[in-house]
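Below is one structure; the comments refer to it alone.
The values are calculated or read from the model by the stated rules, or taken from the named source; none is laboratory data. Please read all numbers here as calculations on a predicted model, not as lab measurements. Cβ sites come from the backbone with ideal geometry, for glycine too, and all protein chains shown count toward neighbours. Areas reflect the complete protein model, heavy atoms only, side chains present, ligands, DNA and RNA absent. Shrake-Rupley method; radii C 1.70, N 1.55, O 1.52, S 1.80 Å.
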Amino acid sequence: MWLKELFQRGKDRNRLRLGHDLTTKAKFIITKVQSYVPSGLRHLDIACGSGQILSAFNRICSKSIGVDLSEHCLAICRQQDLSVIRANITENLPFKNETFDLVTLISTIEHVPYPNELLKEVNRILSPNGLIIIQIPNPYFPIDLHYFLPLYGYLPLFIQKIYRRLLAGKGYLINYNTIQISKGDVEKIFADYAQVYVQDIVYPVEVAPNWLRPFYSFYKASLGRLFPTGHLFIYRK
């Protein structure tokens with residue numbers, strides 16, 4: 001019964017989702033990539049959300065700007081004095097050619113209907129030898145990190161739809177594009193770029209909600225290498 005109740009809570013109330021520390025996640029990512037990022041770069045964070053990644057990179061970059069479509073998220077960013085612009089990332093980005101030296105795509109690519117079209121825009125606004133940092137969740141994590149359904153990523157697409165409808169209900173529907181993108185998919189998308197860094201990552205225990213940390217500590221010690229929580233990449237133009 002508790003499992004059924006967990007499913008029927010809906011994504012926004014799911015105990016597996018609430019309480020995750022996105023600031024700790026951002027700090028963890030920047031510790032992984034900081035040695036590859038010279039200070040003083042002009043930085044754009046695409047789909048900046050509530051600004052955790054933007055704030056982290058703002059400390060080492062000469063200029064950091066975030067773009068997002070959500071006015072709610074942008075308002076949270078502005079309350080932190082972060083520079084943000086409202087933009088639809090599936091359309092042309094409102095920047096001149098070669099405006100930025102660094103672009104971050106953190107938990108973003110899997111929400112873009114046509115990643116190669118976004119990549120064209122990133123290529124346009126990125127300076128020569130500019131860097132792109134990408135992070136994606138592991139689509140083969142035992143519990144899907146978008147819908148929080150067990151073994152979801154292992155199922156064919158048509159069964160995934162049935163699975164969501166039967167077990168998750170409308171509360172799990174995400175109101176923007178969400179697709180399963182693997183480590184190999186990212187490497188294909190960025191095949192024309194120089195790969196500077198790639199690593200399977202397991203987030204620190206502090207990222208998890210308090211109630212989940214004892215279980216997460218066990219997972220990290222025993223299964224973390226087999227089932228990483230995500231993948232992190234750096235590419236050079």
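The listed residues are Ile106, Ile179, Ile201, Ile132, and the only one of them that is open to solvent by less than 50 Å² (accessible area, probe 1.4 Å) and touching a helix residue (DSSP H, G or I) at 6+ places or on another chain (Cβ under 6 Å) turns out to be Ile106. Looking across Ile125, Ile132, one residue alone is at pLDDT 95 or above and within 19 Å of Lys25 (Cα to Cα). It is Ile132. Residues being open to solvent by 70 Å² or more (accessible area, probe 1.4 Å), touching a strand residue (DSSP E or B) at 6+ places or on another chain (Cβ under 9 Å), assigned to a helix (DSSP H, G or I) and farther than 22 Å from Ile29 by Cα are represented in region 75-96 by at least one member. Within region 97-152, the set of residues being more than 15 Å from the chain's Cα centre (by Cα) and in a strand (DSSP E or B) comprises Phe100, Asp101, Leu102, Leu126, Ser127, Pro128, Asn129, Gly130, Leu131, Ile143, Pro150.
The number of residues in region 63-74 being in contact with a His (Cβ under 8 Å, 6 or more places away or on another chain) and open to solvent by 40 Å² or more (accessible area, probe 1.4 Å) comes to 1. Here Val196 meets the list (1) in contact with a strand residue (DSSP E or B) (Cβ under 6 Å, 6 or more places away or on another chain); (2) modelled with pLDDT under 85 almost entirely, failing just condition (2). The sole residue among Leu226, Leu232, Leu151, Leu145 that is touching a strand residue (DSSP E or B) at 6+ places or on another chain (Cβ under 7 Å), under 23 Å from His20 (Cα atoms) and open to solvent by 50 Å² or more (accessible area, probe 1.4 Å) is Leu145.
Remark: pairs (first residue in region 180-195, touching a residue at least 12 places away in the same chain (Cβ under 8 Å); second residue open to solvent by 30 Å² or more (accessible area, probe 1.4 Å) and of a type outside the set (S, T, N, Q); Cβ separation under 7 Å; 6+ apart in sequence or on different chains) = Tyr193/Arg236; Tyr193/Lys237; Ala194/Arg236.
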